[in-house]
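Report on one structure; see the data block that follows.
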Amino acid sequence: MTLLTLEFFLVIAGLYVAAMAVQVAVDRTHPKRLGSSVFWALLALVFVAGKHLPPVVVGYAVLAMAVLAGVRQVAAPRREERPAEERAAEAEQLGNRLLWPVVAIPVLVVLGGIVLERVRLGDVRLVEPRHATQVALGLACLVGLGLGLRVTQARPGVALGEGGRLLEAIGWALVLPQMLASLGGIFARAGVGEVVAGIAGSSLPTHLPLVAVVAYCAGMALFTMVMGNAFAAFPVMTLGVGLPFIVNQHGGNPAIMGALGMLSGYCGTLLTPMAANFNLVPAILLELEDRNAVIKAQAPMAAAIWVFNVALMYACVYRF
Amino acid sequence: MIKLVGILVVAVGFACRLNTLLVVLAAGIATGLVAGMSFNEIMALFGQFFVDNRFMTLPVVLMLPVVGLLERHGMKERVAKLIQSSRAATSGRVLLLYHALRGGTSTVGLNIGNHASMVRPIVAPMAEGAALAKHGPLAPAEVASIRAHAAASENLGNFFADDIIVAVGPVLLIKGLYDSVGVAASVWSIALWGAPTAVFVLGVGWWRYRVLDRRLAAASGKTR
């Protein structure tokens, strides 16, 4: 038995989103009151009850959310931010105490990640080891919220309102990472990867050791850009290009190939809007007008790192 | 070949700037249909994967109430003020420090933050505060550039130093795949061959953050 499950925190998050949906529904000044409140209510439903609903019902809920977003019925509210002077004055007053919660959260996540999974009494475990970090993050956020409310002497409703304002500013992009992960799953189920690997393997002169290395690393980066996820690209490119050509045909070292192949995939992650949680959601969180600003900042770095990976792999994979 | 129709849908949809959620859903439906699934099967798959991946959205949802509350009470202003008292601080150095910290802790499988918990409340305001102290008021384009690089420092630190000392994620994935097809490779050697790139990435960060600092200095020189 597990005491603190990940599901518990997903339900809490869902209840919070549900409260937000109600807040939107009663906000007469909201520019897209109906569409936005339905969108957040559906998301709340998926978070709270997703595990118990038939997948096809969740699928249609997701379809409805995408359509609402597509016809521009999901929008941010017209609530005002607090004036900068008032904030600066309060910052003077509260000083470094304001930072305690955000400093406490990473410390608690790290400690929790180490400690929580070791706590067990016979058959009763505190957390599932593979969810330890996420549960630690959930706990840390709740503790951080408590600390924050203490430091600022604010009512819990204020935290709900401000968090809701930020969530609504992110809007439908909040669920884009989940949506892309689902697309990745469907690509994998349909066998898209095998087709890509087949094309790469048959169209290139992979009998040359250098070409095999470049094809594998380029394939990892490109296919990661398509899937938005290097972990999804890795098995496909490694079984389709890496192992047959670099290891079997040319006698390359699989450890070197795997490590540097995965890192080449990460270069693709830096370049793709499909990796929404790393590139798009941060751009919105940081209130950047250009949704691709993070990708543009990362592009020169990704190019340099990819070239380094290819050079290192070619220099070492056939030698060690 | 026809199975690649989903990739085409994504490319066309992105190029036409259609709503990304709809484009992604359409790509999934198109791919599923050409692979011979029924519409309801595709919806069920979407539903299943969507539920399985709820954890991806969890950190942002749980973190924003804390961040919103503290920001309302002046946290960003406080962070900016703190960094302004340090004379050595520049935007680039703040970002390099965070990149190194994030990378250093992720070599042992620890995760000290993400975009919602560290970059928005701490790292970006610090980098902006440092630039403000050095160069005076910043143009919107400069603020945007600092913020974009702050997000990049999180990603670089997070991705490239994974697992070098304590294997948790990707190294085990590589090992698992190799085991399943009978290829011999030790966890240690896979992890250690990631180390040269981790060091190189820190160097790349140092280079780009220095370019950022120089651009900020040049922009402030022009306006004065």
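Scanning segment A:41-62 for residues that are crowded, with 19+ Cβ neighbours inside 10 Å, touching a Gly at 6+ places or on another chain (Cβ under 9 Å), hydrophobic (A, V, I, L, M, F, W, C) and under 24 Å from B:VAL23 (Cα atoms) yields A:LEU43, A:ALA44, A:VAL46, A:PHE47, A:VAL58, A:ALA61, A:VAL62.
Considering only residues that are surrounded by fewer than 24 Cβ atoms within 10 Å (Cβ to Cβ) and either touching a residue at least 40 places away in the same chain (Cβ under 8 Å) or not hydrophobic (A, V, I, L, M, F, W, C) (or both), which ones fall in segment B:91-110? Of everything in segment B:91-110, those that are surrounded by fewer than 24 Cβ atoms within 10 Å (Cβ to Cβ) and either touching a residue at least 40 places away in the same chain (Cβ under 8 Å) or not hydrophobic (A, V, I, L, M, F, W, C) (or both) turn out to be B:ARG93, B:LEU96, B:ALA100, B:LEU101, B:GLY103, B:GLY104, B:THR105, B:THR107, B:VAL108, B:GLY109. When A:ASN279, A:ASN292, A:ASN309, A:ASN229 are checked against the criterion of being over 22 Å from the mean Cα position of the chain (by Cα) and of a type in the set (S, T, N, Q), a single residue qualifies: A:ASN309. For segment A:248-292, a tally of residues being in contact with a Phe, Trp or Tyr (Cβ under 8 Å, 6 or more places away or on another chain), under 30 Å from B:THR20 (Cα atoms) and assigned to a loop (DSSP other than H, G, I, E, B) returns 2. Summed over segment A:150-190, residues that are closer than 15 Å to B:VAL66 by Cβ and at the interface with chain B (Cβ under 7 Å from one of its Cβ atoms) total 10.
Answer yes or no as to whether A:VAL71 is aliphatic (A, V, I, L, M) and crowded, with 21+ Cβ neighbours inside 10 Å. It is false that A:VAL71 is aliphatic (A, V, I, L, M) and crowded, with 21+ Cβ neighbours inside 10 Å.
Here A:LEU139 does not qualify as of a type in the set (A, V, I, L, M, F, W, C) and facing chain B (nearest Cβ under 8 Å). Could you tell me whether segment A:293-304 includes any residue that is crowded, with 24+ Cβ neighbours inside 10 Å and outside any helix (DSSP H, G or I)? No - not one qualifying residue is present in segment A:293-304. From the list B:VAL34, B:VAL51, B:VAL12, B:VAL66, the lone residue that is under 24 Å from the mean Cα position of the chain (by Cα) and either under 30 Å from A:ALA154 (Cα atoms) or surrounded by fewer than 18 Cβ atoms within 10 Å (Cβ to Cβ) (or both) is B:VAL66. For segment A:73-101, the set of residues classified as more than 9 Å from chain B (Cβ to nearest Cβ) and out of contact with any helix residue (DSSP H, G or I) (no Cβ under 8 Å at 6 or more places or on another chain) consists of A:ARG78, A:GLU80, A:PRO83, A:GLU85, listed by residue number.
Where helices (runs of 4 or more DSSP H) fall wholly inside segment B:91-197, the ranges with 3 or more residues that are modelled with pLDDT of 90 or more and farther than 30 Å from A:ASN96 by Cβ are B:140-160. Can you spot a residue in segment A:293-309 that is touching a residue at least 60 places away in the same chain (Cβ under 8 Å) and either touching a strand residue (DSSP E or B) at 6+ places or on another chain (Cβ under 6 Å) or facing another protein chain (nearest Cβ under 8 Å) (or both)? Yes, because at least one residue in segment A:293-309 is touching a residue at least 60 places away in the same chain (Cβ under 8 Å) and either touching a strand residue (DSSP E or B) at 6+ places or on another chain (Cβ under 6 Å) or facing another protein chain (nearest Cβ under 8 Å) (or both).
Might you let me know whether segment A:219-235 holds any residue that is outside the structural domain of A:VAL62 (by TED's automatic domain parsing), among the hydroxyl-bearing types (Ser, Thr, Tyr) and surrounded by fewer than 22 Cβ atoms within 10 Å (Cβ to Cβ)? The answer is no, given that none of the residues of segment A:219-235 is outside the structural domain of A:VAL62 (by TED's automatic domain parsing), among the hydroxyl-bearing types (Ser, Thr, Tyr) and surrounded by fewer than 22 Cβ atoms within 10 Å (Cβ to Cβ). Of all the residues in segment A:9-33, those that are touching a residue at least 60 places away in the same chain (Cβ under 8 Å), among the hydrophobic types (A, V, I, L, M, F, W, C) and more than 9 Å from chain B (Cβ to nearest Cβ) number 3. Might you let me know whether segment A:203-214 holds any residue that is of a type in the set (Ser, Thr, Tyr) and surrounded by fewer than 19 Cβ atoms within 10 Å (Cβ to Cβ)? Checking segment A:203-214: at least one residue is of a type in the set (Ser, Thr, Tyr) and surrounded by fewer than 19 Cβ atoms within 10 Å (Cβ to Cβ).
Any residue in segment A:211-222 that is facing chain B (nearest Cβ under 8 Å) and part of a helix (DSSP H, G or I)?
Taking every residue of segment A:211-222 in turn, none turns out to be facing chain B (nearest Cβ under 8 Å) and part of a helix (DSSP H, G or I).
Only one entry in B:LYS175, B:LYS134 is more than 22 Å from the chain's Cα centre (by Cα) and touching a residue at least 60 places away in the same chain (Cβ under 8 Å), namely B:LYS134. Got at least one residue in segment A:144-158 being crowded, with 21+ Cβ neighbours inside 10 Å and over 21 Å from A:VAL17 (Cα atoms)? Yes, the conditions are met somewhere in segment A:144-158. Restricting segment A:14-57 to residues that are of a type in the set (D, E, K, R) and more than 21 Å from the chain's Cα centre (by Cα), the residue that is farthest from B:THR57 (Cα to Cα) is A:ARG28. Looking across segment B:106-121 at every residue that is over 20 Å from B:GLY68 (Cα atoms) and among the β-branched types (Val, Ile, Thr), the one that is nearest to the other protein chains (Cβ to nearest Cβ) is identified as B:VAL108. Within the option set A:ALA104, A:ALA132, being more than 9 Å from every other protein chain (Cβ to nearest Cβ), of a type in the set (Gly, Ala, Ser) and under 21 Å from the mean Cα position of the chain (by Cα) holds for one residue only, A:ALA132. The helices (runs of 4 or more DSSP H) located wholly in segment B:1-55 that include 1 or more residues which are polar (S, T, N, Q) and at pLDDT 90 or above occupy B:20-34, B:39-52.
For residues that are facing another protein chain (nearest Cβ under 8 Å) and among the hydroxyl-bearing types (Ser, Thr, Tyr), scanning just segment A:254-288, find the one that is surrounded by the fewest Cβ atoms within 10 Å (Cβ to Cβ). Only one residue tops the list, namely A:THR269. Would it be correct to say that B:MET56 is in contact with a Leu (Cβ under 8 Å, 6 or more places away or on another chain) and facing another protein chain (nearest Cβ under 9 Å)? The answer is no for B:MET56. In segment A:82-100, the residues that are more than 25 Å from A:ALA140 (Cβ to Cβ) form Cβ pairs under 7 Å with partners that are surrounded by 14 or more Cβ atoms within 10 Å (Cβ to Cβ), at six or more places apart or across chains, as follows: A:ARG82/B:ARG72; A:ALA88/B:GLY74; A:ALA88/B:GLU77.
Conditions (1) under 30 Å from A:LEU160 (Cα atoms); (2) out of contact with any Leu (no Cβ under 7 Å at 6 or more places or on another chain), marked per residue:
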position: B:THR20; (1), (2): yes, no
position: B:ALA27; (1), (2): no, no
position: B:GLU41; (1), (2): no, yes
position: B:ALA44; (1), (2): no, yes
position: B:VAL60; (1), (2): yes, no
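The values are calculated or read from the model by the stated rules, or taken from the named source; none is laboratory data. The structure displayed is predicted, hence computed values, not measured ones. Every residue, glycine as well, gets a Cβ built from its backbone with ideal geometry; the counts of neighbours run over all protein chains shown.
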